[in-house]
1. Does the range 76-87 contain any residue that is assigned to a helix (DSSP H, G or I) and within 16 Å of the ligand (Cβ to nearest atom)?
2. Kindly indicate whether any position in the range 350-362 is of a type in the set (Val, Ile, Thr) and under 19 Å from Val256 (Cα atoms).
3. Can you tell me which condition Gly257 does not meet? The list is (1) touching a strand residue (DSSP E or B) at 6+ places or on another chain (Cβ under 8 Å); (2) part of a helix (DSSP H, G or I), and all the others hold.
4. Is there any pair linking a residue in the range 111-128 that is closer than 21 Å to Ser139 by Cβ to one that is hydroxyl-bearing (Ser, Thr, Tyr) and not in a helix (DSSP H, G or I), with Cβ under 7 Å and at least six apart or on different chains, and which?
5. Conditions: (1) free of Cβ contacts under 8 Å to residues at least 40 places away in the same chain; (2) buried (at least 23 other Cβ atoms within 10 Å of the Cβ); (3) not in a loop (DSSP other than H, G, I, E, B). Thr398 meets all but one. Number of the miss?
6. Pick out the one residue from Gly359, Gly385, Gly379 that is buried (at least 21 other Cβ atoms within 10 Å of the Cβ), in contact (Cβ under 8 Å) with a residue 24 or more places away in the chain and within 18 Å of Gln17 (Cβ to Cβ).
7. For Asn12, work out the one condition from (1) among the polar types (S, T, N, Q); (2) free of Cβ contacts under 8 Å to residues at least 12 places away in the same chain; (3) in a strand (DSSP E or B) it doesn't fulfil.
8. Restricting to the range 364-376, what's the tally of residues that are in a loop (DSSP other than H, G, I, E, B) and either touching a residue at least 40 places away in the same chain (Cβ under 8 Å) or crowded, with 24+ Cβ neighbours inside 10 Å (or both)?
Amino acid sequence: MIPASGSYRLANARVHQSVTLGLAATFDSDGFALADITVADGKISSIAVQAASKVPAGAIDLAGRIVLPCFVDCHTHIDKGHIWPRKPNPDGTFTGALNATGADRVARWSAEDVARRMDFSLRSAYAHGTRALRTHIDSVAPQEEISWPVFETMREAWRGRVELQGACLLGIEGVRDKKWFDRLAKRVAAAKGVLGVVTYMVPDLEELLDHVFAQAIKHGLDLDFHADETDDIAAISLKKIAEAALWNGFEGNILVGHCCSLARQPDIEVLDTLDKVAKAGLAIVSLPMCNLYLQDRRTDQTTPRWRGVTLLHEMKARGIAVAVASDNTRDPFHAYGDLDMLEVYRMATRVLHFDHPVGDWPQAVTATPAHVMRLDGFGTLTAGGDADFVLFKGRSWTELLSRPESDRIVVRAGRAIDRQLPDYAELDELMVE
Ligand SMILES: [Zn+2]
């Protein structure tokens with residue numbers, strides 16, 4: 001359907017107001033308008049409302065099918081991905097995930113093992129239409145010395161297909177060993193990575209956070225936290241991160257993931273936290289699939305009664321940047337998933353009610369994470385921008401989000417890519433006990 005020449009005109013493309021820049025159109029109540037998209041030399045040369053009622057000669061008639069910009073996935077763990085067959089979660093709990101993954105890391109995460117699983121994940125993400133992806137990288141000694149060089153090699157190998165970013169991952173208690181942590185921050189800076197930790201309500205949390213911020217300032221790093229991935233209402237590390245950002249005068253970007261406990265806290269507590277998050281300019285990413293899997297997991301044969309996601313609507317209403325992302329795929333933290341951001345968006349629509357109205361929620365998987373990741377021009381459709389977009393069969397939200405859209409067409413630099421997904425059997429030899 002898409003000419004191999006890379007030079008063509010798409011007529012009757014259904015584009016969304018929230019992710020299409022500079023289009024003077026009347027958008028319908030779902031945020032859509034029909035437009036002509038002209039592509040040449042890997043770029044979108046123009047997006048314009050169709051002047052004539054007839055499809056222009058030589059144009060490809062999309063007949064109202066939806067065209068969205070390629071996805072940006074700002075929170076993943078492709079170093080953990082796909083270990084499930086050899087290391088399942090014994091009971092589906094967070095503790096089960098932590099222990100199983102830790103044991104697998106110590107026993108199995110050689111450079112080759114990490115590289116092959118990362119490559120598998122990136123091939124899936126690319127095939128599904130993702131253009132940029134941030135992965136957390138388990139950086140508990142000695143894994144940081146194995147995984148960071150693999151990440152750097154992988155980033156080079158994938159440049160131009162998937163823009164890869166890395167953030168180190170360790171429990172905040174690891175920051176107590178300041179000499180080691182400072183060395184890690186230096187290593188992350190050398191790799192042009194992002195400084196990340198998992199925050200828990202440890203007694204010295206504020207002091208440890210100050211040290212994390214000091215290292216980020218010293219090396220000019222952005223920050224990325226896992227915070228409050230629990231139903232414990234006493235978990236308020238999101239607020240502590242916001243306070244630390246304010247009193248350290250931090251000017252870089254901060255992304256905070258999960259923030260599950262916030263949804264369980266009393267309003268007065270929530271309002272205070274959201275005020276501080278907004279003031280500090282934090283961006284928040286919710287991970288609906290992983291949260292559904294791990295949160296409110298019960299081992300007594302009772303049914304979960306809580307979705308696990310954080311308060312994205314309240315945050316957005318205050319102008320806080322909010323995103324959703326994949327998180328874990330086929331590892332003890334989440335038994336499923338394939339880095340398909342359409343699946344994430346579909347799940348988010350259902351779990352978080354990204355509908356009625358849809359408004360600008362499509363930005364949560366495109367423009368907003370692109371902004372947080374400092375990726376100019378990613379996550380939007382615009383004249384003069386890269387011709388990186390996904391053509392779907394669906395012509396409305398209900399059509400788009402009711403089927404997996406496995407036959408979507410992913411266009412990169414103006415050309416349709418080969419969307420073949422990697423075969424699970426490729427990893428079989430890594431899964432032998
Ligand atoms: Zn995560």
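1. No: the range 76-87 contains no residue that is assigned to a helix (DSSP H, G or I) and within 16 Å of the ligand (Cβ to nearest atom).
2. no
3. That leaves (2) as the condition not met.
4. Ser121/Thr329
5. (2)
6. Gly379
7. Asn12 satisfies all of (1) among the polar types (S, T, N, Q); (2) free of Cβ contacts under 8 Å to residues at least 12 places away in the same chain; (3) in a strand (DSSP E or B) except (2).
8. The qualifying residues number 4.
The values are calculated or read from the model by the stated rules, or taken from the named source; none is laboratory data. As the structure is a prediction and not an experimental result, all values here were calculated from the model. Positions of Cβ are generated from backbone atoms using ideal geometry, with glycine treated the same way; all protein chains shown enter the neighbour counts.
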